[in-house]
Amino acid sequence: MVQSLTDKPKPQRSAVVPPKAASSPPKAANGLAVASASTLTDRAYREIEEAIVTLRLKPGDILSEQMLAAATGIGRTPIREALQRLAIEGLVTILPRKGILVSEINPRSQLLVFEVRRELERMLCRNGADRATKEQRAQALQIAKSIERAAQQNDDMAFMRLDRELNQLILDVGHNEYATRALKLTQGLSRRFWYQHYRVAADLPLCARLHAAQSRAIGEGNSKGAAEATDKLMDYMESFARATVTV
């Protein structure tokens, strides 16, 4: 039996926050709900990306479209499109006629990722604090509270999902499609790197406070504070990455 990618990793953890619900699918003329290709591709992308980031699909694993389709219950075309997105983001390598290789994790390469991420994320957070809508500000404030609660409960899966939600919010509020394209290439790699090493080298409560400060500054419309919070977060993440080289 193929294990679902949405199964909780073992050991199981309590209070796991479920992925954000997708919007209702369109309905056909007969009133029956139908899933669009883009909706299925997005769902496949979210499930496979989370499985890679949380190491249920490990670096060096060889995957196949057939295996992933069976694990997710999604057809091979949306799976293929999701894998193409993940390949662009560096989480997998597509090997023609061989399969899909989950990429390895390299701490030294991650330091280069943070160099790029710092500049882009600071700009998007600073601009986003000014440009966010009322609804986005409310979302940012809620994310900040939820991240702190996840850390208090030592719930790493909830933290990871909230971090992903914050990553997406930063892309949305920044309103710069070019910076968004570049920053998106770093986000999954960063989350996976953190998840692999945090039990040994990270401080979850501190990491949560830094993320919450960034999200809260966006929610409060504090552009200077958002930029400063981003720099503090990147300082911590770079220090964390350097520590893993010697762990």
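For the range 233-247, filtered to residues that are exposed (fewer than 15 other Cβ atoms within 10 Å of the Cβ) and of a type in the set (A, V, I, L, M, F, W, C), the residue that is modelled with the lowest pLDDT is 247.
Do we have residue 59 as modelled with pLDDT of 95 or more, closer than 18 Å to residue 191 by Cβ, touching an Asp or Glu at 6+ places or on another chain (Cβ under 9 Å) and not charged (D, E, K, R) here? Yes.
Reported count of residues in the range 76-103, each being free of Cβ contacts under 8 Å to residues at least 60 places away in the same chain and in a helix (DSSP H, G or I), is 11. On the given criteria, is residue 149 basic (Lys, Arg), buried (at least 16 other Cβ atoms within 10 Å of the Cβ) and in contact (Cβ under 8 Å) with a residue 40 or more places away in the chain? No: the conditions fail for residue 149.
Filtered by the rule that a residue be in contact with a Pro (Cβ under 8 Å, 6 or more places away or on another chain) and assigned to a helix (DSSP H, G or I), the range 104-162 gives 151, 152, 157, 161.
Of all residues in the range 201-220, those that are closer than 18 Å to residue 135 by Cα and touching an Asp or Glu at 6+ places or on another chain (Cβ under 7 Å) total 1. Got at least one residue in the range 178-192 being surrounded by fewer than 20 Cβ atoms within 10 Å (Cβ to Cβ) and aromatic (Phe, Trp, Tyr)? Yes: the range 178-192 contains one or more residues that are surrounded by fewer than 20 Cβ atoms within 10 Å (Cβ to Cβ) and aromatic (Phe, Trp, Tyr). Determine whether residue 140 is over 30 Å from residue 58 (Cβ atoms) and within 19 Å of the chain's Cα centre (by Cα). Spelling it out, residue 140 is indeed over 30 Å from residue 58 (Cβ atoms) and within 19 Å of the chain's Cα centre (by Cα).
When we screen 203, 155 for residues that are free of Cβ contacts under 8 Å to residues at least 40 places away in the same chain and out of contact with any Gly (no Cβ under 9 Å at 6 or more places or on another chain), the only hit is 203. Within the range 101-135, being surrounded by 16 or more Cβ atoms within 10 Å (Cβ to Cβ), modelled with pLDDT of 95 or more and of a type in the set (S, T, N, Q) holds for 103, 127. Given the condition of a type outside the set (D, E, K, R), in a helix (DSSP H, G or I), touching a residue at least 12 places away in the same chain (Cβ under 8 Å) and surrounded by fewer than 18 Cβ atoms within 10 Å (Cβ to Cβ), answer yes or no: does some residue in the range 168-176 qualify? No; the residues of the range 168-176 include none that is of a type outside the set (D, E, K, R), in a helix (DSSP H, G or I), touching a residue at least 12 places away in the same chain (Cβ under 8 Å) and surrounded by fewer than 18 Cβ atoms within 10 Å (Cβ to Cβ). Could you list, in sequence order, all residues of the range 222-247 that are within 20 Å of residue 200 (Cβ to Cβ), touching a helix residue (DSSP H, G or I) at 6+ places or on another chain (Cβ under 7 Å) and small (Gly, Ala, Ser)? Within the range 222-247, 241, 243 meet the criteria.
Matching residues to (1) out of contact with any helix residue (DSSP H, G or I) (no Cβ under 8 Å at 6 or more places or on another chain); (2) modelled with pLDDT of 95 or more:
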position	(1), (2)
84	yes, yes
93	no, yes
146	no, yes
172	no, yes
176	no, yes
191	no, no
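The values are calculated or read from the model by the stated rules, or taken from the named source; none is laboratory data. Keep in mind that this is a model prediction, so the values were computed, not measured. Cβ coordinates were reconstructed from backbone atoms using ideal geometry, including for glycine residues, and neighbour counts include every protein chain displayed.
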